[in-house]
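These notes concern the structure reproduced below.
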Number of protein chains: 2
Amino acid sequence: MSPRVSKEHLKQRRADIMEAATSVFIEHGYEHTTMKHVMEAANVSRGGLYQYFANKEDLFEAILEEGINQEAEESDFSLEESASQYWTLLMKLMFGEDGSPDANMDPLAPSKLEFFITGRNNERRRTYGEKRYEMGVSIYAEIIKSGQESGEFSARYDSELLAKSIITFVDGLALDHAILPEEKVSVKEQSELFVDYLKMALDVSSSS
Amino acid sequence: MSPRVSKEHLKQRRADIMEAATSVFIEHGYEHTTMKHVMEAANVSRGGLYQYFANKEDLFEAILEEGINQEAEESDFSLEESASQYWTLLMKLMFGEDGSPDANMDPLAPSKLEFFITGRNNERRRTYGEKRYEMGVSIYAEIIKSGQESGEFSARYDSELLAKSIITFVDGLALDHAILPEEKVSVKEQSELFVDYLKMALDVSSSS
DNA sequence: TATTATATCGACATTGGTGTCGTTTTGCAA
DNA sequence: TTGCAAAACGACACCAATGTCGATATAATA
């Protein structure tokens, strides 16, 4: 009755594998990475790898969840505490900490798209995708709604619909950028234009 | 020196295979369809199939090209002849013949997304994707620019950037709709909202 | 009708990836 | 130290898909 190694070590090993796997997924994409790729990148044997993850899907989902956790703690949000400035909050949510449009995209985004698109006929995967979508929509919608109720935003448009439009924009940009270089897509310029649009739709005139 | 069958027949057979293949791609998606699926759907033997198409990629590209041809001849455009009404033209281009937002999406769209995303590390495929993107952008940009020059549209925003934004929207919508049912995505409502936005950006007040 | 070019067929060898399982190694506790 | 539970290993059997190739069937010609 003695585990070979401490739980610490196990957690660490698992984390290491996930990190190595992440870079593999970034390089090859979801569909084209194989467990062998991961084995090599993580310096782990076949059997060793399968001890931690049942298969590629399991591994990728673990990485996805990990990502959610990280985001959650990074932006453990000033939340509604930073009151009144819902616009700033919205911008931070869209573009990260500095809150202004840039050309930085999540390097894992293309793999995520693959994962959900190619898995759209898989019940489990689709359900999971829906959950994430709803989650994303509700986060944006909540902020917008709060802003509208506080009077900071115009209530001309439905908050939920605006939230979905934001997601559509983000997804569309991620998709195009997954295939094309950012200059061709004009990521930054498109983002700025979209922000302009949001300002109109929400009647915000902030110049920051 | 006599072919076994007429060229007519060969064309026809090829077309039949492509049609059958299309429905297979729609059902299973690009990555998950196999040549065997196509063989069965098209009632053709392995050897027979490979006589017409070297592999799955070749087959899918043929379908893509076919699609472009069809679109081109469908909308062999009143073009700049239907002059002055660039807005109508724009709407037709986005939403098809009736020119108003609906929830109809190209059923092959999800497979197309797969094809380009999963092939983003393939030189040939990426180049092809870029060509199609540029093509799409230039079509929209041209109409917008014409409208701006004719005075029908405001020239406040760069036509190229607006064109890219349209593509981003369309792609984003296709992506989300590939995974989620259209009610969840609110395809029609989002489209209407986007059209509103375009009206603002182009200073169009048409109520049609 | 006989001939022949070739369209079509389907069996096959090959490939590449998966998940398992018996063996070996190793860190911790006694 | 020593014993052991389980972590790590890697060979292996399996499977699904691919592209090829020699054999066969058949439509046009002569």
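The values are calculated or read from the model by the stated rules, or taken from the named source; none is laboratory data. Remember, it's a predicted structure, so these values are computed and weren't measured experimentally. Positions of Cβ are backbone-derived with ideal geometry, glycine not excepted, and every protein chain shown enters the neighbour counts. Only protein heavy atoms, including side chains, enter the accessible area calculation; ligands, DNA and RNA are left aside. Shrake-Rupley method; radii C 1.70, N 1.55, O 1.52, S 1.80 Å.
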So for R0 = 22 Å, FRET eff. of B:V5-B:E65 from the Cβ-Cβ r, to 0.05, ends up at 0.40
In square angstrom to the nearest 100, the accessible surface buried at the B/A interface, both sides summed with a 1.4 Å probe, amounts to 4200 Å²
Per the helix-only model, chain B has a calculated mean residue ellipticity at 222 nm (DSSP H runs of ≥4, -39500 (n - 2.57) each, divided over all residues, rounded to the nearest 500) of -22500 deg cm²/dmol
For chain B, averaging the sequence separation of alpha carbon pairs under 8 Å that lie six or more residues apart and dividing by its residue count, the contact order in percent is 19 percent
Residue-normalised value, i.e. accessible area per residue, for the protein assembly as shown at 1.4 Å probe, in Å², stands at 52 Å²
Summed over the other residues with a beta carbon less than 9 angstrom from that of A:E189, with K and R at +1 and D and E at -1, the charge totals 0
Whole-Å distance linking the alpha carbon centroid of the range A:97-111 with that of the range A:46-72 is 22 Å
The answer for the net charge of residues other than B:G29 whose Cβ lies under 13 angstrom from its Cβ, with Lys and Arg +1 and Asp and Glu -1, is 0
With all protein chains present, the range A:78-208 has a carbon and sulfur share of its accessible area (1.4 Å probe) in percent of 51 percent
Inter-part gap, Cα centre of the range B:20-39 to Cα centre of the range A:6-35, in whole angstrom, is 31 Å
